[in-house]
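Student: Have a look at this one.
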Amino acid sequence: MHQRQELSITRLVAIALTFGISACGRIGYAHVDAATPSCDVNSPACRRDAGSVTLGCDAGSPACPIDGVPAEHGGRSYVWLEIPRTYAEATATCVALGGRLARIDDEAEQNFAWAQTRTNTTWIAGQDRAEEGVWLWPDDGTVFWRGLQSGGPTPGVYTNWGSIEPNNSSDEDCLTLWDAWGGRWADEDCERSYTALCESSPK
Ligand SMILES: [Ca+2]
Ligand SMILES: [Ca+2]
């Protein structure tokens, strides 16, 4: 029984990777054929969302992302990864789903993104790894902030730091939606593990 479940998950992962990249701007979705068994909603391949099943693997329906909860906003697709990962692990998983970590460009996207996280601290794409205090979106290198909390944004570029952020308090070079700030941003140690939000790519 245990092995059979593992095989089922392996197959679903393979299907997700096969169909994860599509031309219609979606990530993390796969379609299963009639021969694919319905997945166990308690397995990592088919998650429950707030107590109700939102990701079905019945034949003919959109199948589950590997461990994610899909959503749409502004014509783009997103997948919230519920299992905590490091920033590097989250980045790799988003790429495997055909996207990348989410980039937040305006208040509407911020509010949407935070709503996906079920109030969990969540990785998004920003980082200041290349040069301390120079915060950028890695997909195209757009710098959105320079300095610590007394620093400032690039004119016209959206930011939403928590009131004492960024503070680089423990060599913090990766960006989160932080639970204690109600989803406002905090820099955090990239090696810690949090949930993550993926977004279809390119922006
Ligand atoms: Ca830093
Ligand atoms: Ca911080």
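Student: Taking the range 158-167 on its own, how many of its residues are in contact with a strand residue (DSSP E or B) (Cβ under 6 Å, 6 or more places away or on another chain) and free of Cβ contacts under 8 Å to residues at least 40 places away in the same chain? Let's see the steps before the verdict.
Tutor: So in the range 158-167, the residues in contact with a strand residue (DSSP E or B) (Cβ under 6 Å, 6 or more places away or on another chain) come out as 159-162, 165-166.
Cutting the leftovers down to free of Cβ contacts under 8 Å to residues at least 40 places away in the same chain gives us 159, 161-162, 165-166.
Total meeting the criteria: 5.
Student: Further, regarding this structure: Say we look at the range 133-152 and pick out the residues that are on the phi < 0 side of the Ramachandran plot and loosely packed, with under 14 Cβ neighbours inside 10 Å; which of these is farthest from ligand 1 (Cβ to nearest atom)? Even if it seems obvious, please write down each step before you answer.
Tutor: Applying the first criterion (on the phi < 0 side of the Ramachandran plot) to the range 133-152 yields 134-140, 142-146, 148-152.
Those still in the list that are loosely packed, with under 14 Cβ neighbours inside 10 Å too: 140, 150, 152.
Numbers: Asp140: 20, Ser150: 14, Gly152: 16 Å.
So, considering only residues that are on the phi < 0 side of the Ramachandran plot and loosely packed, with under 14 Cβ neighbours inside 10 Å, the one farthest from ligand 1 (Cβ to nearest atom) is Asp140.
Student: Moving on. For the range 92-114, enumerate the residues that are in contact with a strand residue (DSSP E or B) (Cβ under 6 Å, 6 or more places away or on another chain) and in a strand (DSSP E or B).
Tutor: Matches in the range 92-114: Gly99, Leu101.
Student: So, Thr119, is that one among the β-branched types (Val, Ile, Thr) and not in a loop (DSSP other than H, G, I, E, B) or not?
Tutor: Numbers: among the β-branched types (Val, Ile, Thr): yes; not in a loop (DSSP other than H, G, I, E, B): no.
Here the answer is no, as Thr119 does not meet what is asked.
Student: Considering only residues that are part of a loop (DSSP other than H, G, I, E, B) and away from ligand 2 (no atom under 16 Å from the Cβ), which ones fall in the range 145-192? Spell out how you get there, then give the answer.
Tutor: Step one: list which residues in the range 145-192 are part of a loop (DSSP other than H, G, I, E, B), which gives 147-151, 154-160, 162-173, 178, 182-184, 189-192.
Correct list: Thr154, Pro155, Gly156, Val157, Tyr158.
Student: Next up: Please enumerate the residues belonging to the range 153-203 that are hydroxyl-bearing (Ser, Thr, Tyr) and within 14 Å of ligand 1 (Cβ to nearest atom).
Tutor: The first filter runs over the range 153-203 and keeps only residues hydroxyl-bearing (Ser, Thr, Tyr), leaving 154, 158-159, 163, 169-170, 176, 193-195, 200-201.
Scanning the range 153-203 gives Ser169, Ser170, Thr176.
Student: Is it fair to say Arg129 is assigned to a loop (DSSP other than H, G, I, E, B), modelled with pLDDT of 95 or more and under 16 Å from the mean Cα position of the chain (by Cα)? Spell out how you get there, then give the answer.
Tutor: Values: assigned to a loop (DSSP other than H, G, I, E, B): yes; modelled with pLDDT of 95 or more: yes; under 16 Å from the mean Cα position of the chain (by Cα): no.
So Arg129 does not fit the description; no.
Student: Shifting gears a bit: Before we move on, is Ser200 surrounded by fewer than 18 Cβ atoms within 10 Å (Cβ to Cβ) and either assigned by TED's automatic domain parsing to the domain that holds Thr91 or under 20 Å from Glu107 (Cα atoms) (or both)?
Tutor: Values: surrounded by fewer than 18 Cβ atoms within 10 Å (Cβ to Cβ): no; either assigned by TED's automatic domain parsing to the domain that holds Thr91 or under 20 Å from Glu107 (Cα atoms) (or both): yes.
Taking the combined requirement at face value, the residue does not satisfy it.
Student: Does the range 115-125 contain at least one residue that is surrounded by fewer than 14 Cβ atoms within 10 Å (Cβ to Cβ) and either at pLDDT 90 or above or aromatic (Phe, Trp, Tyr) (or both)? Before the answer, list the steps.
Tutor: If we filter the range 115-125 for residues that are surrounded by fewer than 14 Cβ atoms within 10 Å (Cβ to Cβ), which is where we start, we get 115, 119.
The next check asks that each one be either at pLDDT 90 or above or aromatic (Phe, Trp, Tyr) (or both); those that pass are 115, 119.
Yes, the conditions are met somewhere in the range 115-125.
Student: Just for the range 193-202: of the residues that are of a type in the set (Gly, Ala, Ser) and assigned to a strand (DSSP E or B), which one is modelled with the highest pLDDT?
Tutor: Just the residues of the range 193-202 that are of a type in the set (Gly, Ala, Ser), to begin with: 193, 196, 200-201.
This time we only want the ones that are assigned to a strand (DSSP E or B), so: 196, 200.
Working: Ala196: 95, Ser200: 85.
Among those residues, the one meeting the criterion is Ala196.
Student: Do you know which of the residues in the range 154-191 that are within 15 Å of Val143 (Cα to Cα) and aromatic (Phe, Trp, Tyr) is surrounded by the most Cβ atoms within 10 Å (Cβ to Cβ)?
Tutor: Out of the qualifying residues, it is Trp161.
Student: Something else: Looking for something assigned by TED's automatic domain parsing to the domain that holds Tyr87 and under 20 Å from Val79 (Cβ atoms) - is there at least one such residue anywhere in the range 138-155?
Tutor: Narrowing the range 138-155 to residues assigned by TED's automatic domain parsing to the domain that holds Tyr87: 138-155.
From what's left, under 20 Å from Val79 (Cβ atoms): 138-139.
Within the range 138-155 (the criterion being assigned by TED's automatic domain parsing to the domain that holds Tyr87 and under 20 Å from Val79 (Cβ atoms)), the answer is yes, since at least one residue qualifies.
The values are calculated or read from the model by the stated rules, or taken from the named source; none is laboratory data. Since the model is a prediction, treat every value here as computed from it, not as a measurement. Note that each Cβ is placed from the backbone with ideal geometry, even for glycine, and that neighbours are counted across all protein chains shown.
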